[in-house]
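The values are calculated or read from the model by the stated rules, or taken from the named source; none is laboratory data. Not measured: the values here are computed from a predicted model. A quick note on method: Cβ atoms are made from the backbone with ideal geometry, for glycine too, and the neighbour counts reach across all protein chains shown.
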Amino acid sequence: MIDLHSHMLPGIDDGAADLRISLAMARMAVADGVEVQACTPHILPGLYHNTGPQIRAATRELQRRLDENDIPLRLITGADVHLAPDLAEGLRSGRILSLADTRYVLVEPPHHVAPLRLVDFFFNVLLAGYVPILTHPERLSWIDTHSAAIEQLFHGGVWMQITAGSLIGAFGRGPRYWAERMLDEGRVHILASDAHGIGRRRPNLGQGRDAVAKRLGDEAAIDMVLTRPLGILENLPPSHMPAPGPGGCGGFRRDETSLRSRKQYGGGNANKVDAYQDGDAGGWRDVIGRVRAIFQ
Ligand SMILES: [Fe+2]
């Protein structure tokens, strides 16, 4: 799996407090079946003053420590970017990081207050040529009263990332309800751990993937933890990836792209989630080969 959202870098936000925790989180992620981990610390002016160059340096250093400790996890850079009017400019200047320097960027609105001009903000980011990925809309305390705005963003081309923990009740009933509802309505592109440590918010992408598989089937779950994340690392346009929801849409046909060929996920075994965990299918290894190729 590819996990596109975590706070694993030591000591730079409210995630891993120190290197010991970062290494423990990395081991948990690997044990969970994660091969590629995005390090996406908060960028929140006034609270977390992380910049692109700092995040790159911290990611390089953590990768060095992982390699030293024989932890087979490949790190990529990114940021959990809080809503700010100068976001597009920050991305262009390198002060703010997208995911692996692609067109895809994680964006987190305030949790407790619905921002004014929310829709305008996201559309400006889209107009600048980026694909904003709204992080865990299901956890926003104002989603009950503003779900129409979230839906409008979805239809306008904003991607939706829900957090694995929401599906297993780690954040209570509300986030679980909205996460399941968004899944059922076909409005989820990405599932991520948003791991912050080794306690309640530990790396747990596998549990979330299993919850999606139970609800929507294995294919939808694979799309959220592998197919679309891989497409993001390759900086494919959204139209080249499976659209969320039953049957997909948007011109994408499953036989049109090698990315989505069932064979790649293990042919006959593709109906079994374990097939891509155990690596017993040649197809799964092909996909991992492509992930590795990105880094060579
Ligand atoms: Fe986050």
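If residue 137 satisfies every condition in (1) out of contact with any Leu (no Cβ under 9 Å at 6 or more places or on another chain); (2) in contact (Cβ under 8 Å) with a residue 12 or more places away in the chain but one, which is the exception?
Just one mismatch for residue 137, condition (1).
In the stretch 88-108, what count of residues is obtained for those that are more than 16 Å from the ligand (Cβ to nearest atom), in a loop (DSSP other than H, G, I, E, B) and out of contact with any Pro (no Cβ under 9 Å at 6 or more places or on another chain)? Reasoning before the result, please.
Keep residues of the stretch 88-108 that are more than 16 Å from the ligand (Cβ to nearest atom), which gives 88-95, 100-103.
Going one step further and asking which of them are in a loop (DSSP other than H, G, I, E, B), we end up with 94-95, 102-103.
With the extra rule that they be out of contact with any Pro (no Cβ under 9 Å at 6 or more places or on another chain), the set shrinks to 102.
Of the residues in that region, 1 qualify.
Check 236, 230, 183 and return the single one that is in a loop (DSSP other than H, G, I, E, B), modelled with pLDDT of 95 or more and crowded, with 16+ Cβ neighbours inside 10 Å. Spell out the reasoning first.
On the way: 230 fails: in a loop (DSSP other than H, G, I, E, B); 183 fails: in a loop (DSSP other than H, G, I, E, B).
After ruling out the rest, the residue left standing is 236.
Please determine whether any residue of the stretch 143-160 is within 14 Å of the ligand (Cβ to nearest atom), touching a residue at least 24 places away in the same chain (Cβ under 8 Å), buried (at least 23 other Cβ atoms within 10 Å of the Cβ) and not basic (Lys, Arg).
Restricting attention to the stretch 143-160, the residues satisfying the condition of being within 14 Å of the ligand (Cβ to nearest atom) are none.
Looking through the stretch 143-160, none of the residues is within 14 Å of the ligand (Cβ to nearest atom), touching a residue at least 24 places away in the same chain (Cβ under 8 Å), buried (at least 23 other Cβ atoms within 10 Å of the Cβ) and not basic (Lys, Arg).
Which one of these does residue 40 not meet: (1) surrounded by 21 or more Cβ atoms within 10 Å (Cβ to Cβ); (2) over 21 Å from the mean Cα position of the chain (by Cα)?
In the conditions (1) surrounded by 21 or more Cβ atoms within 10 Å (Cβ to Cβ); (2) over 21 Å from the mean Cα position of the chain (by Cα), residue 40 misses (2) alone.
Test of understanding: among 17, 58, 38, which residue is assigned to a strand (DSSP E or B), within 16 Å of the ligand (Cβ to nearest atom) and not β-branched (Val, Ile, Thr)?
The match here is 38.
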